[in-house]
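This report concerns only the one structure given below.
The values are calculated or read from the model by the stated rules, or taken from the named source; none is laboratory data. The model shown is predicted, which means the values in this text are computed figures rather than measured ones. Don't worry about glycine lacking a Cβ; one is built from the backbone with ideal geometry, like all the others, and counts go over all protein chains shown. To get the accessible areas, we keep the full protein, side chains included, count just its heavy atoms, and leave off ligands, DNA and RNA. Shrake-Rupley method; radii C 1.70, N 1.55, O 1.52, S 1.80 Å.
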There are 2 protein chains.
Amino acid sequence: MSKQEIENGKVRVFALGGVGEIGKNMYGIEVDEDIIVVDAGLMFPDDDMLGVDIVIPDVSYLVENEERVKGIILTHGHEDHIGGLSYVLKKINVPVYGTKLTLGLVEEKLKEAGILKETTLRLIDSNSRVKLGKTPVSFFRTSHSIPDCVGVCIETSQGAVVHTGDFKFDQTPVDGKHAEIGKMAAIGQKGVLCLLSDSTNAERPGTTKSEAEVGIGIKDVFARTSGRLIVTSFASNVHRLQQVIQATAAANRKLSIVGKSMVRVITIASKLGYLKMPKDLVIDIDEVNRYKPEQVVILTTGSQGEPMSALTRMARGAHRHITITENDTVIIAASAIPGNEKSVSSVIDQLHRIGADVVYGSQAVHASGHGSQEELKLMLNLMKPKYFLPIHGEIRMQHAHRDLGMNVGIKPERIYIVEKGEVVEFSNNQARRAGKVPSGHVLIDGLGVGDVGNIVLRDRRLLSKDGILVVVVTLNKKTSTIVSGPNIISRGFVYVRESEALLDQSNELVSSILQKCVTENVSEWSSLKSNIREGLSRFLFEKTKRRPMILPIIMEV
Amino acid sequence: MSKQEIENGKVRVFALGGVGEIGKNMYGIEVDEDIIVVDAGLMFPDDDMLGVDIVIPDVSYLVENEERVKGIILTHGHEDHIGGLSYVLKKINVPVYGTKLTLGLVEEKLKEAGILKETTLRLIDSNSRVKLGKTPVSFFRTSHSIPDCVGVCIETSQGAVVHTGDFKFDQTPVDGKHAEIGKMAAIGQKGVLCLLSDSTNAERPGTTKSEAEVGIGIKDVFARTSGRLIVTSFASNVHRLQQVIQATAAANRKLSIVGKSMVRVITIASKLGYLKMPKDLVIDIDEVNRYKPEQVVILTTGSQGEPMSALTRMARGAHRHITITENDTVIIAASAIPGNEKSVSSVIDQLHRIGADVVYGSQAVHASGHGSQEELKLMLNLMKPKYFLPIHGEIRMQHAHRDLGMNVGIKPERIYIVEKGEVVEFSNNQARRAGKVPSGHVLIDGLGVGDVGNIVLRDRRLLSKDGILVVVVTLNKKTSTIVSGPNIISRGFVYVRESEALLDQSNELVSSILQKCVTENVSEWSSLKSNIREGLSRFLFEKTKRRPMILPIIMEV
């Protein structure tokens, strides 16, 4: 949409990420000329994105319309909401709005990326009222698995566009700060044009467990344990860390904090007042062995079974300070993020192998940060939106959320399931689908942003399956004779020592193909190469039923 | 253990697979001189076994002691119990014992492997009594997610060694054939030396749902559906297939069967009388479109979201006969096997994207085939074993099963958690750990059995992460001059078109390294290569933070 096409009185809503997927949440709300962005998250790569570190949204639409972008509002400090920010800010320099803890976490990231100084950070709280361009924006507090979360209310001439952020309704919040239900009801009373609401747990019946229950579970395990305690959780779940801290103090133990992200979050959250840390509770990791096992708790990263995390290394005996023994009790106070099931199981199995006592799974040491069906319906009933966009989730979750919307009386034609980039446009209180803005995955591998695409990934997939055979031959172009080679080198295909015969036969085959080409005067290198590739591929498939990548290289002298 | 070391009156038990893992079940029970093998399964590869098709147990101990192996007893026809059989029988030719359906499924496999004729298959039923070597063996029927399952009772002078096979206690079995509880109790009465029991669901409280409940769920969905129905399930779950058949007939629909393994199992199970198929129910897949949607049910493979399965292709619009539309209802009557969660979710999402009605997950269309904690305790109480080996499961499941054993009064010192290969030896009614027999994974990739090992897998992992750079140069050995090259070719590393500068710089770097080597008279090819590898690797990591495999090839003329 160019500037000219935007008429006054129009509101447009679209997702650059976060729909049809778990992660990289980023939404655009256009009010007349102004674009307001909500969140800028990252996503962890799918299994088939081999070698990719992280994935961020394609923001070329925002880059094209930079002068119209009035700011990025962050709902909370989770990676799937802030992890893409530094990449986005390198492309468009716009103000960033967030609560204290959220900006605290963001500052670290911007510092690392070397763009903290040139970025305008604007602190808000749930009572703030700001203007982005001409549009007033207000906020409401929600409960989630990190403190200081807000939902966003964008006030347009047609009514409010409300983005819930991530939420549950926790009736016994750890920090005593309840979701602002009254404020939500008031927003609903005033009139909501469109609600964008969190679909993560739309498939789950009932109500999500309170975080406080997890604290009780942790205290129970502490009470019955006489040996050393090792606790792992998501580093960002400050409420849970607080409960581990309280349980540690109550058990008269010392706490040692291990793992980069755990140390980082605890430092920031303590400094900003989101974490109460009793004096003299924390000891350094190299002091742990000076205490008796029953006097310490180790709080560590590694809840997803990441191979290089502190917990995994402790379990493998590869950690510098701590080795887990059969006398230890390990609490996995987290659930496996989809896709991590196997690595989490494998660290649990490794701990069992050592003989440690492992507390995990259904044993009441985790609660989701996202509301279940009853809570999602409550949000819909509070907001009473005219139109409803289920966001933040895979499409099956968006669909389940749509069904909940219909349950509470929203007409199906007023519920929009959108894919990335799809625009829903509101004018005169009527909604319609209005085309697409560019959107997609940008893959980040090492320092490369977007330089890994389908061809590179396809090659990595091929290489990972059956390896590679490189065939090199040096030819004299003038005389059309073989000067050296063919040499065949393989990697990831077969054990060379046990497959000498196969490689010898391959060599003979290539020689005969070359000979034939030379005789027939096939001097085109490309057809020479494809002859080698096809001949060798057929031969190897017949012999091994494998299809390694074949890379013929012809050197000329 | 050589023949000489085996004394009379000794019983030895070990697992060649199935403990510390899910899959490739294979157990050895030695009674004096005789070795009795129970099951010969396969396992699907872990994520880090790139390109591997299947994994089977290392049976070198059986090969070394072939003359002592008196037979392989198959408890039932699932792949994790029979899938390795044809590979094992190629190495040792021993008789195979199994029930009618199990042998029916095995015959197909042996035919494919070309060893059906030379294999001795011995049909048993749950009332059979056979002798393997000098040892009497009897059986008892169990309930599981395939018909015709047995547990095995090996009668030794010290009491029975009992292997439960896979089991649950289903009080309303679909085929009316209950688990033989009376027989189990009688075996327990007579005296069980050692029980090997299925640990799969040892972490799950309560009792596993009856398969009959799934039938009710399926009928409910059929009753409320007015469009076309597509049902997917595990092909081997004959009970469930029977219930789909009944629901189809009751709804006055026709049934079309799609997918190789689905057709194969239904053919065999019908022929052998395990599946009752009403006359004229089945129609060919190319007839489906001649019927109205409300007149057909399509029963298909693909319950695990396998990319090439019929269901996935129907969802992608890549199936020759059937394309799923928004008017279809798809029932996923299966759960995701650990590791398949993401692929199952992705096919469910794809179906949602199309707009089909998808019935899955908690919606009562699946029941496990393995007993939960109450059933496992019942088995322990029936058998009253002196010693207990939890088998068939990851180590955390074996541990959970051990806890259940202690619950029902078995002393912890009489419960043995074994890893693959570990031998528990019984003499004079006393047990002790008695060393190990060789054991491990044998990886099968294409036609290769065991020719893919750690080095090949390591290379595939490296290749999959950051790709490969091949550096080729032709040198004149006598004059130590570069005749041609260096040529750099990359695959799976970066987009070549966008990274020309990087590749040019790499080329220059290699040229300068070569030049330096030539000047310094480094004529050893190996150090020349390692200089190139190290220099280029450092340069590329600095520029990209990636570590592609670097393969220098030096051609001599």
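Threshold 50 Å², probe 1.4 Å: give the residues of the stretch A:382-398, in number order, that are less accessible with all protein chains present than with their chain alone.
Hits at the 50 Å² cut-off: A:ILE395, A:ARG396.
In terms of the Cα gyration tensor, with a ≥ b ≥ c the square roots of its eigenvalues, is the stretch B:444-540 rounded because a/c is under 1.5, prolate because a/b exceeds b/c, or oblate? Display every interim value, and only then the final one.
Values: a/c = 2.50, a/b = 1.50, b/c = 1.66.
Cα axes put the stretch B:444-540 in the oblate bin.
Given +1 on the Cβ of Lys and Arg, -1 on the Cβ of Asp and Glu, and no further charges, what dipole in debye does the stretch B:211-359 carry about its Cα centre, rounded to the nearest 20?
Dipole magnitude for the stretch B:211-359 comes out near 380 debye.
How big is the A/B interface in buried accessible area, both sides summed, 1.4 Å probe, to the nearest 100 Å²?
Numbers: alone 25120 and 25110 Å², together 44820 Å².
Approximately 5400 Å² gets buried when A meets B.
Would you list which lysines come within 17 Å of A:LYS254, measuring only between C-alpha atoms, while excluding same-chain residues fewer than 8 positions from it?
The reachable lysines, counting only those whose Cα sits under 17 Å from A:LYS254, are A:LYS219, A:LYS276, A:LYS279, A:LYS292.
Run the dipole for chain A about the Cα centre, Lys and Arg Cβ at +1, Asp and Glu Cβ at -1, nothing else charged, and hand back the magnitude in debye, nearest 20. The partial results should precede the final answer.
On the way: 68 positive and 66 negative charges, 92 e Å.
Dipole size: approximately 440 debye.
Per residue, how much accessible area does chain B show when a 1.4 Å probe rolls over the protein heavy atoms, in square angstrom?
Value for chain B: 40 Å² per residue.
Rounded, prolate or oblate: pick one for chain A, where a ≥ b ≥ c are the square roots of the eigenvalues of its C-alpha gyration tensor, a/c under 1.5 means rounded, and failing that, prolate if a/b is larger than b/c, else oblate. Provide the component values of the computation, followed by the final result.
Values: a/c = 2.37, a/b = 1.34, b/c = 1.77.
Oblate.
Please name which of B:GLY17, B:THR301, B:ALA318 has its Cα lying farthest along the dipole of chain B towards the positive end, using unit charges on Cβ (Lys, Arg +1; Asp, Glu -1) and the Cα centre as origin.
Of B:GLY17, B:THR301, B:ALA318, it is B:THR301.
Filter the GluC sites (Glu not before Pro) in the stretch A:112-190 to those in DSSP coil with at most 14 other Cβ atoms within 10 Å of their Cβ, and list the result.
Numbers: sites: A:GLU112, A:GLU118, A:GLU155, A:GLU180; in loops: A:GLU118, A:GLU180.
Loop-located and lightly packed - A:GLU118.
Would you mind estimating how fast the protein assembly as shown diffuses translationally, via Stokes-Einstein at 10 °C and 1.306 mPa s with the Kirkwood radius over Cα pairs, in µm²/s?
Here the translational diffusion coefficient equals 48 µm²/s.
Roughly speaking, to the nearest percent, how much of the protein assembly as shown's 1.4 Å accessible area is carbon and sulfur?
Percent of accessible area from carbon and sulfur atoms in the protein assembly as shown: 48.
Do any residues of the stretch B:423-464 lose at least 20 Å² of accessible area when the full set of protein chains is present rather than just their chain alone, and if so which, with a 1.4 Å probe?
Flagged in the stretch B:423-464: B:ASP445, B:GLY446, B:LEU447, B:ASP451, B:ILE455, B:VAL456, B:ASP459, B:ARG460, B:LEU463, B:SER464.
Listed here are the pairs B:LYS134/B:LYS386; B:LYS111/B:LYS168; B:LYS10/B:LYS111; which of them are more than 30 Å apart at the Cα?
Where the Cα-Cα span goes over 30 Å, the pairs concerned are B:LYS111/B:LYS168; B:LYS10/B:LYS111.
With a ≥ b ≥ c the root eigenvalues of the C-alpha gyration tensor of the stretch B:211-359, is it rounded (a/c under 1.5), prolate (a/b larger than b/c) or oblate?
rounded
Students often forget the sequence filter, so: which aspartates and glutamates lie under 15 Å Cα-Cα from A:LYS516 once same-chain residues fewer than 8 apart are removed?
Hits, sequence-local ones excluded: A:GLU508, A:GLU524, A:GLU534.
Can you spot the aspartates and glutamates whose alpha carbon is less than 14 Å from B:LYS529's alpha carbon? Ignore those fewer than 8 places along the same chain.
Within the straight-line cut-off, B:LYS529 pairs with B:GLU556.
Given Cβ point charges of +1 (Lys, Arg) and -1 (Asp, Glu) and nothing else, what value in debye, to the nearest 20, does the dipole of the protein assembly as shown about its Cα centre take?
In total the dipole reaches around 560 debye.
Looking at the stretch B:467-556, send over the antiparallel percent of its DSSP beta bridges, to the nearest 5.
Working: 8 of 16 bridges.
Beta bridges within the stretch B:467-556, antiparallel portion: roughly 50 percent.
Nearest-5 percent of antiparallel DSSP beta bridges in chain A? Working shown, then result.
Details: 51 of 96 bridges.
Here the antiparallel bridges make up roughly 55 percent for chain A.
Using 1/(1 + (r/R0)^6) with R0 = 51 angstrom and r between the beta carbons of B:TYR495 and A:GLN505, what's the FRET efficiency to the nearest 0.05?
E between B:TYR495 and A:GLN505, to the nearest 0.05, is 0.90.
In chain A, if the dipole is taken from +1 on Lys/Arg beta carbons and -1 on Asp/Glu beta carbons about the Cα centre, which of A:ILE332, A:ILE92, A:CYS149 is farthest to the positive end?
A:CYS149
For the protein assembly as shown, build the charge dipole from Cβ charges (+1 Lys, Arg; -1 Asp, Glu) around the Cα centre, then report which of A:SER480, B:MET277, B:LEU105 sits farthest towards its positive end.
Farthest along the dipole direction, towards plus: B:MET277.
Indicate, rounded to the nearest 5 percent, the antiparallel portion of the DSSP beta bridges found entirely in the protein assembly as shown.
Roughly 55 percent of the DSSP beta bridges within the protein assembly as shown come out antiparallel.
Ignoring everything but the protein chains, give the 1.4 Å probe accessible area of B:CYS194 in square angstrom, nearest 10.
B:CYS194 exposes around 0 Å² with every protein chain in place.
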